[in-house]
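One structure below.
The values are calculated or read from the model by the stated rules, or taken from the named source; none is laboratory data. Note that this is a predicted model, so its numbers are computed, not measured. Cβ: placed from backbone, ideal geometry, glycine included. Neighbour counts: every protein chain shown.
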Amino acid sequence: MNKFVATKARPLPVIVMADTSGSMSVDGKIDALNQSIKDMITSFASESRLRAEIHVSIVTFGGEAETHLTLTPAHQIEQIENFTALGRTPLGAACTLVKDLIEDKEVIPARAYRPVIILASDGYPTDDYKNAFDALLNSERAKKAIRFALSIGNDADNALLESFGNDVEAPLFYAHNAVEIARFFRAVTMSVANHSKSQKPNEPMKLEFTNDELAEDDLDIPL
């Protein structure tokens, strides 16, 4: 009898909360977000799955909050529909969707590595978000998750976004234009990919920027 059994890779969930409200239609923001996330998924799909298998989910909030992509192994994602920038900014409803996802142990089993949650927004919430936002952040799994926040443009609720991010040194990153949206997501892609191959994928993770990207400090300058 063969005593050597191949160890199945553990899921590493990456959940993107993407603002797709009407204000994202200007200055190329929604186009940059669409392309950045597609590039991220393509990169994740090519990663080794020996230790960790990267899974991706996208929750959008523009007009309504909805699950744009259910949590799926990146290498199984063939294509995703483009986001359409439309309507108001129902962040609270998006928080409820993400909380339900992150607490569903059939979708994210106990053996999964700690999730990575990315919140990107260019405006203020337009629904009664506070209870849902607090409920998400106070849920057991979200407390343990690695959380990054991206402020897009000049009109985002930076105080709220900063309270979402839990990197002590850089709780909030800023993208002043479409190019910087792409640079942020490239840093996320590289950091998660490296994290998935590390000896300890459950350890805290920081965003890594290469020399040809904006330095972390450049993305972290208050407007």
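So the values come out like this:
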| item | result |
| --- | --- |
| Options ASP39, ASP104: the member that is closer than 23 Å to LEU172 by Cβ and among the acidic types (Asp, Glu) | ASP39 |
| Filtered residues of region 27-51 (kept if within 19 Å of ARG10 (Cα to Cα) and either aromatic (Phe, Trp, Tyr) or part of a loop (DSSP other than H, G, I, E, B) (or both)) | PHE44, SER46, GLU47, SER48, ARG49, LEU50, ARG51 |
| Candidate set: region 69-91, residues that are modelled with pLDDT under 95 and not acidic (Asp, Glu); chosen: the one farthest from ASN131 (Cα to Cα) | GLN79 |
| Residues of region 34-77 satisfying the condition of being surrounded by fewer than 22 Cβ atoms within 10 Å (Cβ to Cβ), more than 29 Å from GLN199 (Cα to Cα) and touching a residue at least 40 places away in the same chain (Cβ under 8 Å) | ASN34, GLN35, GLY63, HIS68 |
| Options GLU47, GLU66: the member that is of a type in the set (Asp, Glu) and modelled with pLDDT under 95 | GLU47 |
| Region 190-207, subset surrounded by fewer than 22 Cβ atoms within 10 Å (Cβ to Cβ) and in a helix (DSSP H, G or I), residue farthest from the chain's Cα centre (by Cα) | LYS197 |
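Here's the yes/no breakdown for (1) modelled with pLDDT of 95 or more; (2) buried (at least 16 other Cβ atoms within 10 Å of the Cβ):
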site: ASP100; (1), (2): yes, no
site: VAL107; (1), (2): yes, yes
site: ALA110; (1), (2): no, no
site: ASP122; (1), (2): yes, yes
site: THR126; (1), (2): yes, no
site: ALA132; (1), (2): yes, yes
site: SER151; (1), (2): yes, yes
site: ASP157; (1), (2): yes, yes
site: ALA175; (1), (2): yes, yes
